[in-house]
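What follows is a single structure, written as structure tokens, with notes after it.
The values are calculated or read from the model by the stated rules, or taken from the named source; none is laboratory data. Not measured: the values here are computed from a predicted model. Positions of Cβ are generated from backbone atoms using ideal geometry, with glycine treated the same way; all protein chains shown enter the neighbour counts. Accessible surface is based on the protein model in full, side chains and every heavy atom, while ligands, DNA and RNA are left aside. Shrake-Rupley method; radii C 1.70, N 1.55, O 1.52, S 1.80 Å.
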Amino acid sequence: MISEQQFQRELDIIIQNGIREDIGPGDYSSMACIPNDAKGKAKLLVKDNGIIAGVEFAKIIFENVDPTLEMEIFIQDGSTVKHGDVVFHVSGSSQSILKAERLVLNSMQRMSAIATKTNQYAKLLEGTKTKILDTRKTTPGFRACEKWAVKIGGGENHRFALYDMIMLKDNHNDFAGGITDAITKTKEFLKNNKLDLKIIVEARNLQEIEEILQNEGVNRILIDNFNFEDTEKAVVLIGDRCLTESSGNINEKTIRQYAECGVDFISSGALTHSVYNMDLSLKAF
């Protein structure tokens, strides 16, 4: 996983790009009709039900737009919210509040939707040892916030990007000349470049799992698109020689049964690529 310093740098990039994209040379609508010295107050109003996420991120956005803005937070990240709840108040320059409004809302609506879906999946796994993971199937340029939302919702993060973990999928293995060749070359690459990264290898069938297990140094086997019966066989075959992860079109109807097969992790792209934004609004009062 990436360091906290790297993560904070990603958040800074998201904010600066969001401000550049939305404000540009200025918020002419506000500048045209609201005095520069006008003060105001707004509330973050929930118009949906679910798990709220992005409160702390909103705080960072407001600080970036105008350090003099003040927030009074009533509901913290990860809390269950319902229609009509007020998450926070923000007060200060009216123009500054309006400059930050859309970036705050876009971010929080998306993050809250992801946290809500993740929480649903995490609850379905209660009582098993299995943990829910996200994937790299994220919105371009917004990955750090989406992975943050997964954690707020009770999930765990998979690798952040292509550089913080080795993941040998079917195309890597095929292009490299086979699973064993891919693993051997990978270990040599890590050694030669003095990199300490975990190795995950994808298996398409039980025969490939047997081949992976003949190689040392694999941290986790990705049991991809297996049915329940073969997943159980794979877990028995692997034993405690490495960790196990199921993936491939797993949804809320099937996730529990995959977990009961005994896998350590289930990864789901749906946490980030198939959600409907939570309805939130920022209203002056």
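Quick notes
- In nm, spacing of pseudo-spin labels at GLU210 and VAL86 (7 Å Cα→C-beta vector): 6.7 nm
- As a ratio to 2.2 N^0.38 Å, the alpha-carbon radius of gyration for the stretch 110-181 is 1.34.
- Principal-axis tilt of helix 94-124 within the chain, Cα atoms, nearest 10 degrees: 30 degrees
- Gyration tensor verdict on the stretch 1-56 (Cα atoms; rounded if a/c is under 1.5, prolate if a/b is larger than b/c, oblate otherwise): oblate
- A simple spin-label model places pseudo-atoms 7 Å from Cα toward Cβ; at GLU260 and ASN225 they are separated by 2.6 nm.
- Computed log10 I(q)/I(0) for the chain at 0.07, 0.10 Å⁻¹: -0.34, -0.62, from the Debye equation with unit scatterers placed on every C-alpha and solvent omitted.
- You can think of it this way: the chain between ASN17 and HIS273 has 90.0 nm of extra reach, that is 0.36 nm per residue less the Cα-Cα gap.
- When each of LYS151/LYS283; LYS131/LYS187; LYS169/LYS194; LYS43/LYS129 is checked by Cα-Cα distance, pairs over 30 Å: LYS43/LYS129
- FRET efficiency, ASN36 to SER3 (Cβ-Cβ, R0 45 Å, nearest 0.05): 0.65
- Extension gain (nm, one decimal) between LYS47 and GLU72, 0.36 nm per residue minus Cα-Cα: 7.1 nm
- Inter-label distance for GLU56 and TYR163, nm, one decimal - labels placed 7 Å from Cα along Cα-to-Cβ: 2.4 nm
- In Å², nearest 10: area of TYR121 left accessible to a 1.4 Å probe: 10 Å²
- Qualifying GluC sites (Glu not before Pro) in the stretch 175-253, where qualification requires a DSSP coil assignment and no more than 13 other C-beta atoms within 10 Å, comprise GLU216, GLU252.
- Heavy-atom accessible surface of the stretch 139-285: percent carbon and sulfur, 1.4 Å: 48 percent
- Estimated at 0.36 nm per residue, the fully extended path between LEU237 and LYS137 surpasses their Cα-Cα distance by 33.1 nm.
- Along its three principal directions, the equivalent ellipsoid of the stretch 117-275 from the Cα gyration tensor extends over semi-axes of 25, 20, 13 Å, largest first.
- Top of PHE62, PHE160, PHE175 by mean-square fluctuation, Gaussian network on the chain, Cα under 10 Å: PHE175
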